[in-house]
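The values are calculated or read from the model by the stated rules, or taken from the named source; none is laboratory data. Note that the structure is a prediction, hence the values are computed from the model and not measured. Here Cβ is always computed from backbone atoms with ideal geometry, including for glycine, and neighbour counts include all displayed protein chains. Calculation scope for accessible area: heavy atoms of the full protein, side chains included, ligands and nucleic acids excluded. Shrake-Rupley method; radii C 1.70, N 1.55, O 1.52, S 1.80 Å.
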Amino acid sequence: MRKRYISSIFTCLATIATLSAAPASASDKTLTVYTYESFVADWGPGPVVKEAFEAECDCTLEWVGVADGVALLNRLRLEGDSTKADVVLGLDTNLVAEAKATGLFAPSGVDTSDVSVPGGWSDDVFVPFDYGYFAVVYDTEAVSSPPTSLKELVEGGPDAPKIAIQDPRTSTPGLGLLLWIKSVYGEDAADAWAKLQDRVLAITPGWSESYGLFTKGEAPMVLSYTTSPAYHMIAEDTDQYQAAAFDEGHYLQIEVAGMLKTATDKDLARQFLSFMTGPGFQNAIPTTNWMLPAGKISEPLPAAFSELVTPSKTLIFSAEDVSENRKAWVDEWLAVMSR
């Protein structure tokens, strides 16, 4: 903003008083959205979504990146009512019951008729923005015989190709693997983790770190999504990286966003959540977040998506089951993996 000299102090004061009394213009509005780091990376959906929403809202969209989805919830708990977030984007269905229990979220008031996710959607607080299935992604140049089931992955032994995974205490994919194993092995999950431990090359705080190890060739396999190979097919024109199809099925993740009760401008927050379900946001999801759109798109999915693994069975716990058992299941995992 330019400054100019005003010779009269009285004129200056009068001008300041007039400006102070005037209502803020729409362009002065700022919406602060907490999300995970990969979402706001230069190659993620963040820049595209920011430009599209700001053109519509005549406001400023401010992203605040946090390592991963579980870390988002942990940060909110620490900040409580003093949080600067108006909207949180990047929790998933495994965390929504716990997120509601914080008392920090308000009903969205958003029409979700354009939302379409496996199993349908009915929730007055959180709005889905994408979904996908967890998968073991492998390097075809390093792994000639990828596992064809969770059982084969778990019981492959110390000489089998290693995998990089994420910590369920900080990462939604890490939590997803924990729930995937729990849904298949039940009470024998601890034994399953003990067997899998020999194959774990690294446990990272978030997805970005472990996928980075994978793409650098330091890990031949990584916990990611069935949609991850689409990135390499489209952006890098290679089919070197593929997802393994598992006989038992794949665990579903639906990612959501919600408005905070302390949001500075709730109308603007609702506008964003509504915008999130339409093409201005959803068109960016397949080729920047590399997930499946949960809302309305105005263009077909790229052809590469038709070549991806289609799970034979969808695995998922209810949000209430996860909320009730997450601590015990994470403790069970920690007791094994810290040995």
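In the set K313, K296, only one residue is surrounded by fewer than 23 Cβ atoms within 10 Å (Cβ to Cβ), among the charged types (D, E, K, R) and either at pLDDT below 95 or within 19 Å of the chain's Cα centre (by Cα) (or both); that residue is K296.
Restricting to segment 323-339, name every residue that is under 15 Å from G186 (Cβ atoms) and surrounded by fewer than 11 Cβ atoms within 10 Å (Cβ to Cβ). Result: A328, single match. Could we say that T262 is closer than 20 Å to L91 by Cα, among the hydroxyl-bearing types (S, T, Y) and over 16 Å from the mean Cα position of the chain (by Cα) here? Here the answer is yes, as T262 does meet what is asked. Checked against the criterion of being touching a residue at least 12 places away in the same chain (Cβ under 8 Å), under 20 Å from K100 (Cβ atoms) and not in a strand (DSSP E or B), the candidates S312, S323 yield just one match: S323. For beta carbons closer than 6 Å, sequence separation of 6+ or different chains, a first residue in segment 150-169 that is under 21 Å from Y133 (Cβ atoms) and assigned to a loop (DSSP other than H, G, I, E, B) and a second that is open to solvent by 10 Å² or more (accessible area, probe 1.4 Å) and among the aliphatic types (A, V, I, L, M), the qualifying pairs are D167/I203; P168/V330. Quick check: is even one residue across segment 290-301 closer than 22 Å to S38 by Cα and free of Cβ contacts under 8 Å to residues at least 24 places away in the same chain? Yes, there is a match, as at least one residue in segment 290-301 is closer than 22 Å to S38 by Cα and free of Cβ contacts under 8 Å to residues at least 24 places away in the same chain. Considering the conditions (1) touching a residue at least 24 places away in the same chain (Cβ under 8 Å); (2) more than 28 Å from A85 (Cβ to Cβ); (3) in a loop (DSSP other than H, G, I, E, B), T112 is excluded by exactly one of them, (2).
Checking each residue in segment 64-104 for being among the small types (G, A, S) and either closer than 24 Å to N325 by Cα or outside any helix (DSSP H, G or I) (or both) picks out G65, A67, G69, A71, G80, A85, G90, A97, A99, A101, G103.
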